[in-house]
Amino acid sequence: MAVTGRLALLVALGALVVGLLVPSLLGVLVVSGALALLAVVDALAAVPVGSLHLDREQDPARATTLRLGTSLEVALRVANPGRRRADLVLRDAWEPSASAVPARHRLVVPAGERRRVVTTLTPTRRGDRDAVRVTVRSLGPLGLAARQGGRAVPASVRVLPPFGSRRHLPSRLARMRELDGRRAIQVRGQGTEFDSLREYVAGDDVRSLDWRASARSTELVVRTWRPERDRHVLVVLDTGRSSAGRVGDAPRLDAALDTALLLAALASRGGDRVDLLALDREVRGSVLGATAGDLLPALVTAMAPLEPRLVETDMRLLAASVLARAGQRSLVVLVTGLDEAAVTEGLDPVLGSLLRRHTVLLAAVDDPELATMAAGRGDAEAVYTAAAAETARAARRRTAERLGRRGVEVVDAGPDELPPAVADRYLALKAAGRL
């Protein structure tokens, strides 16, 4: 049972009137008791909450999807199979990060009829957001008291990564088209495949002459080549401790997901095969063997529930998983931290086995705030802060240079610059025939 503000107001008015007309404690108790009895009767006259039927319009076994930053309307149906009108206040409660509005719905369901209430969700975090509980308050005829009950009406919404770096895709695709046959190269090298024959012009490399074709023609003929297609790109997301650090308003993992989506969209359009692996102490998600048309939906679905884990990533598991999933020579894009201690103790011991079989590109999310702090000179505290920030930046540079000497391609950039920077490095590797 629950009481309403109307009953509280009547109690206050009754006590005031009795206090003015018959100022005695007995009078106050009599009026309050009468109103309490009236509230109990009113609550008993309300439609029982258990007799109402609640269900969702969506399939509870299948999560509805939306992108982070957008809104979605979810509907709840309330049926009243009884013979009396139901005057209801309903709250469809979701997880706090689902940002459900309005908080409460007021509705009247006539006997034998059904009504529909709509709640708008604007999630603030990725992942699966679940409905918690539906609480129903059935008001009595006088509106003084109500019956109240709650039940679980399952529903789930999967919030996908926003893919904000999509705006960089058209310019990178234009560069890809230049590499992929629009601008054939003349000299064959590793990572290239035969494109076409054409007549020799002054300035062509004589090593590209095709003597058999020239013998059948009245002119000299040269071969042209283009970057090889159908290469394998394996994106590995480190979901361990290093991905939990916040850069601005979001964890580093969000920038890693955006980087992976842009690279996957670009590489799949270029005819390469893209797989995904996310792990820390265990494998958290993977996408293997998806076709070009199904790749992006599969990636965002696998990425949506990923969350940073406050554990140290098992680099031996990472190396073993990569070697098991990439049989041929591949481009392994490892999105992880560039902390000196973590790289020295975790990545360095297993790096040799990866470099012997694959090209490794390490992408790290830098914090732009470090550059701002390093420029501070306002007072003594700012100078000490600047010294600490510059020390951290110098350590990252040393780690990147050491990895570069071992043959690792390193991209270290802020969260907004990292996706296009990795895409540019991929294009450079493809143009150089190093995939």
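For V360, which of the numbered conditions (1) open to solvent by less than 10 Å² (accessible area, probe 1.4 Å); (2) farther than 22 Å from R241 by Cβ; (3) not hydroxyl-bearing (S, T, Y) fails to hold?
(2)
Considering only segment 118-164, how many residues are of a type in the set (K, R) and without any contact (Cβ under 8 Å) to a residue 40 or more places away in the chain?
1
Of everything in segment 407-422 that's more than 21 Å from G248 (Cα to Cα) and assigned to a loop (DSSP other than H, G, I, E, B), which residue is most open to solvent (accessible area, probe 1.4 Å)?
Only one residue fits best here, namely G407.
Looking only at segment 67-78, count how many residues are under 20 Å from V134 (Cα atoms) and buried (at least 16 other Cβ atoms within 10 Å of the Cβ).
4
Looking at segment 323-332, is at least one residue within 24 Å of T399 (Cα to Cα), touching a residue at least 60 places away in the same chain (Cβ under 8 Å) and part of a loop (DSSP other than H, G, I, E, B)?
Looking through segment 323-332, at least one residue is within 24 Å of T399 (Cα to Cα), touching a residue at least 60 places away in the same chain (Cβ under 8 Å) and part of a loop (DSSP other than H, G, I, E, B).
Do we find that R309 is in contact with a Gly (Cβ under 7 Å, 6 or more places away or on another chain) and either in a loop (DSSP other than H, G, I, E, B) or open to solvent by less than 10 Å² (accessible area, probe 1.4 Å) (or both) in this structure?
So R309 passes the test.
Give the residue, chosen from G191, G203, that is exposed (fewer than 15 other Cβ atoms within 10 Å of the Cβ) and at pLDDT below 90.
Unique residue meeting the criteria: G203.
G404 is checked against (1) in contact (Cβ under 8 Å) with a residue 40 or more places away in the chain; (2) open to solvent by 10 Å² or more (accessible area, probe 1.4 Å) and fails just one. What number does that condition carry?
Every condition holds for G404 apart from (1).
What pairs come up if the first residue lies in segment 214-225 and is touching a residue at least 40 places away in the same chain (Cβ under 8 Å), the second is open to solvent by 90 Å² or more (accessible area, probe 1.4 Å), and their beta carbons are under 9 Å apart, counting only those six or more places apart or on different chains?
These pairs meet every condition: T224/F194; W225/R188; W225/F194.
Listed residues R393, R425, R398; which is open to solvent by 50 Å² or more (accessible area, probe 1.4 Å), within 22 Å of R357 (Cα to Cα), outside any loop (DSSP other than H, G, I, E, B) and not hydrophobic (A, V, I, L, M, F, W, C)?
Only one candidate passes the filter, namely R425.
Within segment 247-285, can you find the residues that are modelled with pLDDT of 95 or more and among the hydroxyl-bearing types (S, T, Y)?
The answer is T259, and nothing else.
Any residue at all in segment 343-353 that is under 29 Å from F163 (Cα atoms), in contact with a helix residue (DSSP H, G or I) (Cβ under 7 Å, 6 or more places away or on another chain), open to solvent by less than 60 Å² (accessible area, probe 1.4 Å) and touching a residue at least 60 places away in the same chain (Cβ under 8 Å)?
Checking segment 343-353: at least one residue is under 29 Å from F163 (Cα atoms), in contact with a helix residue (DSSP H, G or I) (Cβ under 7 Å, 6 or more places away or on another chain), open to solvent by less than 60 Å² (accessible area, probe 1.4 Å) and touching a residue at least 60 places away in the same chain (Cβ under 8 Å).
Quick one: in segment 363-388, of everything that is open to solvent by less than 40 Å² (accessible area, probe 1.4 Å) and out of contact with any Gly (no Cβ under 8 Å at 6 or more places or on another chain), which residue is farthest from K430 (Cα to Cα)?
G376
Tell me which residues, restricted to segment 393-435, are in contact with a Pro (Cβ under 8 Å, 6 or more places away or on another chain) and at pLDDT 95 or above.
Within segment 393-435, no residue meets the criteria.
The values are calculated or read from the model by the stated rules, or taken from the named source; none is laboratory data. In this text, all values refer to a predicted model and were calculated from it rather than measured experimentally. Virtual Cβ from ideal backbone geometry, glycine too; neighbours counted across all protein chains shown. Just the protein is used for accessible areas: all its heavy atoms, side chains included, with ligands, DNA and RNA removed. Shrake-Rupley method; radii C 1.70, N 1.55, O 1.52, S 1.80 Å.
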